[in-house]
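The values are calculated or read from the model by the stated rules, or taken from the named source; none is laboratory data. Worth saying up front: this structure is predicted, and the values here are computed from it rather than measured. Surface areas here come from the heavy atoms of the whole protein model, side chains and all, with no ligands, DNA or RNA. Shrake-Rupley method; radii C 1.70, N 1.55, O 1.52, S 1.80 Å.
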Amino acid sequence: SLSFAQAPLVKCFHEEEAPLRVVRFNGSSVGKRFYGYAHWHWAEKVDEIFELQQKIFEKDVTIAELQMENDMLKRTNERLEDDVAELAIENTETKEIIGAPRADRKWVAFLVFSWVFFSFILLLNKQ
C-alpha cells in the first residue's frame, strides 16, 4: 500500500534505477505495477526478490553475530584451558609436597613440636 512517492528505489540487475510504474493502456495488464526503464520487470516478482534479499541479509547478520559469539567463546575456552593447566601444575606440586618421604614429614613434625615445647617452657619461666 505504498504510494509511488514512498515506493523504495530499486536498482535492477543491470544496476540501473528502476522507477515504479503502472500499466495505463487498455488490456489485460491495465493497472498492474512494474519497475520500468530500458528493461522492465513486474513489481510482484521484484518485490518477492526484494523480500528474499532482506531475509538473506537478516540471516547473514545473524550468522555474523553467531560467528562473533563463537570466537568469543573460543577465546574464553582457551583461557579456561590455560587456568586448568595451571591448576593441574599447582595440584601436582601440592601432591609432591604432601607425598614427601615419611622421614621428612617426621622431621617437620619434630620441629613444630620442639617450637611448641620451647614456647611452653618460656611461658612457665615468665610466671
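The set of residues from the stretch 102-127 being at pLDDT below 80 and open to solvent by less than 80 Å² (accessible area, probe 1.4 Å) comprises just one member, Ala103. Could you check, for the stretch 75-83, whether at least one of its residues is at positive phi and either modelled with pLDDT of 80 or more or outside any strand (DSSP E or B) (or both)? Checking the stretch 75-83: not a single residue is at positive phi and either modelled with pLDDT of 80 or more or outside any strand (DSSP E or B) (or both).
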